[in-house]
Amino acid sequence: MKKHLKLVAAVAALIVVATAVVTFEACNKKNEMIDNNSNNHIVSLSSNVNMDEYLLNLRNRMKNATKNGDLMSIADAEWTLTALENFGFCDGSKRSTEMIVDTFYTKIKISDDNVSLYDLNLAYENNKSQIMNKFNSIIGDDKNIYCIMCDMDNSLKEDSAMVKTIVSIRNGDDMGNPMRFESTDYWYDFNLRGKCGQYAGQCIGRDATTEMKSKVLANIETYECVDGRVYFTNITNLYTNYIELQSLTGQCDDSPYPPDCLYTNFTYYNRCLSPSELNWYLDEILYILGALENIYNKVVIGFHMYPASWLGTHDYPPFYETAYEFWGMDIQFGTINCTHDLYDN
């Protein structure tokens, strides 16, 4: 596999705000559960007391804030809200390949691109109510809130911002699924058409794109603390696709459909992708994620893959304008922290 050397240059131009992700029901998931190559790459970490103390101090300041009290920038408020909600509600050690994802919205007052701690506390309490109502509405004994991301958009009004909160919840353990594509994994590329070849007609509602998302999540490392609970801070979202990256990352002449390193379909019909082709792309995606982790100096904590389309000119011969479909990626990076207990939030 060709190793790319220019990923660093790609990152700065491609970071955008967090976006909601979509989940799909598994196809015969109970029947596909087998014990092979489960993700055992568990890393133990010691407790991060300094971060705990810092966040507890922030939370206390918010609780005791007055209307005309302390201010912080929108960027700092966004970081604080995300960090406190992960600290208070999340267990980042338990992830699923089929997460339940929901998005909530609340308004917050701003003044000269600043947020008061008083108003930030109101937003926190509003979010807390929505998050816990969603969590408690899910039926299941083995569930946890995995990660929470907040984004503040102040582009609509001068005196207020919209807080978008994306919550990822795990309900049950499905991480025992195979981490590689196996002998029956022949999938149509897009349009949720299910399996293809001699398995055509099976698993309608899924496709190679949804299966790749699940396989990547199964391969991403999980983390646990020696004496506490995992939570994430410094969360960054990268929303990108290989059409945007390819001029910076090079070409893969040994790919199943060269020279694209991520799957691209220039035809007007669905292709049938074989297990060997899908495993090639899986290895390529995992390589890219590893390179990006080194660039960000953070770990991948979330991943979503989606179908995208483009009408444009190919960047290499033959130069022709066409409509084509390709894989896009929504990747979350974060810093791992450990805490002993849920605090009085």
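In the set (1) more than 30 Å from E211 (Cβ to Cβ); (2) in contact with a Ser or Thr (Cβ under 9 Å, 6 or more places away or on another chain), T80 fails one condition alone, (2). With the condition kept exactly as written, say whether any residue in the range 238-254 is touching a Pro at 6+ places or on another chain (Cβ under 7 Å), part of a loop (DSSP other than H, G, I, E, B) and among the hydrophobic types (A, V, I, L, M, F, W, C). The answer is yes, given that some residue of the range 238-254 is touching a Pro at 6+ places or on another chain (Cβ under 7 Å), part of a loop (DSSP other than H, G, I, E, B) and among the hydrophobic types (A, V, I, L, M, F, W, C).
Matching residues to (1) aliphatic (A, V, I, L, M); (2) at pLDDT below 50:
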{"site": "K2", "(1), (2)": "no, yes"}
{"site": "L7", "(1), (2)": "yes, yes"}
{"site": "V16", "(1), (2)": "yes, yes"}
{"site": "D35", "(1), (2)": "no, yes"}
{"site": "V49", "(1), (2)": "yes, no"}
{"site": "T66", "(1), (2)": "no, no"}
{"site": "A75", "(1), (2)": "yes, no"}
{"site": "L84", "(1), (2)": "yes, no"}
{"site": "F89", "(1), (2)": "no, no"}
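The number of residues in the range 136-171 that are in contact (Cβ under 8 Å) with a residue 40 or more places away in the chain and surrounded by 13 or more Cβ atoms within 10 Å (Cβ to Cβ) comes to 23.
Scan the range 166-206 for residues that are among the hydrophobic types (A, V, I, L, M, F, W, C) and in a loop (DSSP other than H, G, I, E, B) and report the count. Steps first, answer last, please.
Residues of the range 166-206 that are among the hydrophobic types (A, V, I, L, M, F, W, C), as a first pass: 166-167, 169, 175, 179, 181, 187, 190, 192, 196, 200, 203-204.
Imposing the further condition that a residue be in a loop (DSSP other than H, G, I, E, B) reduces the set to 175, 179, 181, 190, 192, 196, 200, 203-204.
Number of matching residues: 9.
Each row is one residue, and each column tells you yes or no for (1) farther than 19 Å from G328 by Cα; (2) in contact with a strand residue (DSSP E or B) (Cβ under 7 Å, 6 or more places away or on another chain); (3) at pLDDT below 95.
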| residue | (1), (2), (3) |
| --- | --- |
| C150 | yes, yes, no |
| V167 | yes, yes, no |
| R170 | yes, yes, no |
| D174 | yes, no, yes |
| E182 | yes, no, no |
| C196 | yes, yes, no |
| M212 | no, yes, no |
| I235 | yes, yes, no |
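Looking at V230, is it closer than 30 Å to C338 by Cα, out of contact with any Gly (no Cβ under 7 Å at 6 or more places or on another chain), at pLDDT 90 or above and crowded, with 17+ Cβ neighbours inside 10 Å? Step through it out loud before you land on a result.
Numbers: closer than 30 Å to C338 by Cα: yes; out of contact with any Gly (no Cβ under 7 Å at 6 or more places or on another chain): no; at pLDDT 90 or above: yes; crowded, with 17+ Cβ neighbours inside 10 Å: yes.
No: the conditions fail for V230.
The set of residues in the range 71-115 that are within 22 Å of K157 (Cα to Cα) and assigned to a loop (DSSP other than H, G, I, E, B) comprises I110, D112, D113.
Give the residues of the range 262-290 that are in a helix (DSSP H, G or I), open to solvent by less than 20 Å² (accessible area, probe 1.4 Å) and either free of Cβ contacts under 8 Å to residues at least 24 places away in the same chain or of a type in the set (A, V, I, L, M, F, W, C) (or both), sorted by residue number.
Start the filter on the range 262-290 by keeping residues that are in a helix (DSSP H, G or I), which leaves 275-290.
Those still in the list that are open to solvent by less than 20 Å² (accessible area, probe 1.4 Å) too: 275, 278, 281-282, 284-285, 288-289.
Across the range 262-290, the qualifying residues are L278, L282, I285, I288, L289.
Set side by side, the residues N127, N133, N121 differ, and just one is in a helix (DSSP H, G or I), open to solvent by 30 Å² or more (accessible area, probe 1.4 Å) and at pLDDT 95 or above, which is N133.
The values are calculated or read from the model by the stated rules, or taken from the named source; none is laboratory data. What you see is a predicted model, and the numbers here were worked out from it, not measured in a lab. Heads up, the Cβs are rebuilt from the backbone with ideal geometry, glycines too, and the neighbour counts pull from every protein chain shown. The accessibility values were calculated without ligands, DNA or RNA, using every heavy atom of the protein model including side chains. Shrake-Rupley method; radii C 1.70, N 1.55, O 1.52, S 1.80 Å.
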